[in-house]
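Just so you know, all these numbers are worked out from the coordinates, no wet-lab data involved. The model shown is predicted, which means the values in this text are computed figures rather than measured ones. Cβ sites come from the backbone with ideal geometry, for glycine too, and all protein chains shown count toward neighbours.
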Amino acid sequence: MVDFINRMLSENIPALLNGTLEQIRESSAIDDKMDILYAEVVAYPGEVGKKEFTDFQVNELSRLLAVVNDLENLGDPIETNALDLADQCATQHLHMSDVTKKVKMLGGSACRSRQE
């Protein structure tokens, strides 16, 4: 799931800035794959739930499911907000100006350097 999130983030910005409609939809399809994986991971405890668990195992499983839920939730705003907006712009043949692209790229670099 982390790999899907990383792919969405690394492919999202280029698709948003100057991607074709096909690139935008390919990036969006990653979230669909993540949703399928999430459903499988969440269903798994039901399969093994027929066994007895120790308190430690129950707590560990609960924490792992919380992480899986958080990871799945990270992908949704990327698809819903950024990629849907990029899809609308590409469909309507709207493009960001070069100045806006530079500002976006500089803003992203500034944010990364502050976090490091």
Query raised in the report: For L83, L37, what's the fewest-to-most ordering of other Cβ within 10 Å of each Cβ?
Result: L37, L83
Query - Low-density loop positions, GluC sites (Glu not before Pro), segment 29-82 - DSSP coil, at most 15 other Cβ in 10 Å - result: E52
**Report entry** Long-range tail of P(r) for segment 49-91 (Cα pairs > 11 Å, %)
**Finding:** 71
**Report entry** Neighbour-count ranking [beta-carbon atoms within 10 angstrom, fewest first] of M34, M1
**Finding:** M1, M34
Query raised in the report: Points 7 angstrom from Cα along the Cβ direction at L21 and T54: gap in nanometres?
Result: 5.7
Report task. Counting other beta carbons within 10 Å of each Cβ, put L21, L71 in order, fewest first. Result -> L21, L71
Query - Net lengthening on full extension, L64/L9 (0.36 nm per residue, minus Cα-Cα) - result: 17.5 nm
